[in-house]
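Here is the structure we will look at.
FYI, it's all coordinate maths here, none of it is from the lab. Quick caveat: nothing in here was measured; it's all calculated off a predicted structure. FYI the Cβ positions are ideal-geometry reconstructions off the backbone, even for glycines, and counts take in every protein chain you see.
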Amino acid sequence: MKRIGMLTSGGDCQALNAAMRGVAKTLLNSGEKVEIYGFLDGYQGLIYGRFRLLSYDDFSGILTKGGTFLGSSRTPFKTIQVPGPDGVDKVAAMKQTYYKLQLDCLVILGGNGTHKTANLLRTEGLNIVTLPKTIDNDLWGTDMTFGFQSAVDIATAAIDAIHTTAASHGRVFIVEVMGHKVGWLTLNAGIAGGADIILIPEIPYDIKKVAKKIQQRHERGSRFTILAVAEGAISKEDALLSKKEYKKKLENYKYPSVSYEIAEALSKTGGFDVRVTVPGHTQRGGSPCPYDRVFASRLGSEAGNMILRGEYGFMVGYKNREMVKVPLEEVAGKLKMVDPESSIIKEAKMLGISFGD
Ligand code: F6P
């Protein structure tokens with residue numbers, strides 16, 4: 001008999017349900033007697049003992065559904081060891097729930113912050129298996145995270161839609177893409193959408209070079225320019241600031257986001273007619289794309305298998321087209337960023353895409 005807990009934590013994404021279904025079906029079809037408890041709203045459910053005993057039916061018909069049927073929330077790692085306003089010791093409470101339910105293992109689906117807490121729980125003696133969830137694709141130890149390809153599709157569709165209106169009006173358009181501190185989503189959607197300029201955090205931009213690229217396009221007869229800008233894009237000047245100085249800049253920031261700062265700079269310096277489009281959370285919404293359905297199902301199935309074998313303390317990752325076990329201590333606290341020297345960047349540049357560097 002295995003008793004499993006399951007939770008989804010952090011920002012949601014497509015294919016969370018598909019991944020949980022993969023774990024559950026593998027366990028429930030194994031012939032072993034299994035009980036699965038679903039914790040509601042991420043770590044909050046584990047802390048406050050809010051859970052449901054799940055049945056086979058809970059995992060039926062959810063392969064194509066976006067979001068997470070368990071609910072999710074952000075429970076920041078930096079305050080996980082600090083009692084909340086209600087005085088609750090969160091780590092002790094999570095352990096108490098785990099032992100009270102006599103769980104054999106907790107399956108945790110999440111991104112970077114979630115993995116730091118998952119690893120902490122591992123060091124506290126709990127059996128943990130995790131799955132790499134995030135549209136940002138920034139988790140260390142895996143080539144791919146689920147949710148990413150679905151978000152690429154949506155961000156690409158946004159760029160595609162902007163193309164026709166930008167062409168009609170001869171405007172410069174910025175499409176701001178999510179991705180937190182990394183540029184994977186912007187890079188992929190930018191290339192797929194045929195963006196002329198792609199600005200990502202890993203390659204700080206020079207606004208004069210961005211303006212020059214637009215100017216060159218206009219001189220060559222192109223009436224419009226599309227920029228795919230990562231929400232975390234940063235100028236060369238800002239990249240030189242210390243963490244403290246940059247934080248201070250953001251405290252007095254008058255723009256809703258970096259795209260508006262870039263738009264203003266381009267209007268002022270180049271006299272361009274610039275518009276900004278922010279698809280925002282639509283990038284995390286809707287049904288998972290077929291790739292993510294397959295990928296999340298495979299990850300879930302591997303997690304189920306690991307639990308059946310009693311292998312704990314790992315994230316299921318994906319390397320060179322194979323599923324791999326990545327020790328949680330290797331994943332926690334590290335970011336997987338785009339390498340500015342990687343071949344995809346070089347190829348994009350050969351296609352004529354400017355990174356503003
Ligand atoms: O990590 C996923 C993500 O969508 C990031 O791309 C984005 O920066 C962040 O979450 C938005 O967070 P929230 O949903 O809390 O506004």
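Using 1/(1 + (r/R0)^6) with R0 = 25 angstrom and r between the beta carbons of TYR255 and MET337, what's the FRET efficiency to the nearest 0.05? Computed FRET efficiency for TYR255 and MET337 comes out at 0.55.
Output the pairs from LYS213/LYS244; LYS33/LYS319; LYS78/LYS249 with a Cα-Cα distance over 25 Å in this structure; if there are none, say none. Among LYS213/LYS244; LYS33/LYS319; LYS78/LYS249, the Cα-Cα distance tops 25 Å for LYS213/LYS244; LYS33/LYS319.
Divide the volume of the convex hull around the Cα atoms of region 149-228 by the residue count and you get 76 Å³ per residue. Computed about its Cα centre, the charge dipole of region 188-343 is approximately 280 debye, with only Lys, Arg, Asp and Glu carrying charge at their Cβ. Taking the inverse of the mean reciprocal distance over all distinct Cα pairs, the Kirkwood hydrodynamic radius of region 258-343 comes to 17.3 Å.
Within region 186-235, the proportion of C-alpha pairs whose separation exceeds 13 Å stands at 56%.
Global size of region 65-210: 20.2, 64 Å for Rg and Dmax (C-alpha atoms, Rg to one decimal, Dmax whole). Of the options LEU227, LEU16, PHE77, report the single residue whose Cα projects farthest towards the positive end of the charge dipole of the chain (beta-carbon charges: Lys, Arg +1; Asp, Glu -1). After comparing all options, I get PHE77. The local environment of LEU109, defined by Cβ-Cβ distances under 11 Å, has a net charge of 0 under the rule Lys, Arg +1 and Asp, Glu -1.
Taking a straight Cα-Cα cut-off under 15 Å and skipping sequence neighbours fewer than 8 places away in the same chain, the aspartates and glutamates within cross-link reach of LYS100 are GLU35. Among 294-301, 18-25, 251-258, sorting by the average number of other beta carbon atoms lying within 10 angstrom of each residue, highest first, gives 18-25, 294-301, 251-258. Computing FRET efficiency as 1/(1 + (r/R0)^6) for THR64 and ASP143, where r is the C-beta to C-beta distance and R0 is 22 Å, gives about 0.35.
How many angstrom lie between the C-alpha centres of region 285-357 and region 98-162? One Cα centre to the other: 10 Å.
Grouping the Cα pair distances of region 208-320 into 5 Å bins from zero gives a pair-distance distribution of 2, 8, 13, 13, 11, 10, 9, 12, 10, 6, 3, 2, 1 percent in increasing distance order.
One chain, two ends: TYR99 and LYS243. Fully extended at 0.36 nm per residue, the span grows by 47.7 nm beyond their Cα-Cα distance. If you look at the Cα atoms of region 1-81, you get an Rg and a Dmax of 13.0, 41 Å. Computed 3J(HN,Hα) for region 30-46, one whole-Hz value per residue from the Karplus formula 6.51 cos²θ - 1.76 cosθ + 1.60 where θ = phi - 60°, is 6, x, 6, 7, 9, 10, 10, 9, x, 8, 8, 6, x, 4, 4, x, 6, glycine and proline marked x. For the chain, the fraction of C-alpha pairs more than 30 angstrom apart is 42%.
Here r is the Cβ-Cβ distance between MET1 and ARG74 and R0 is 22 Å; the resulting FRET efficiency, rounded to 0.05, is 0.10.
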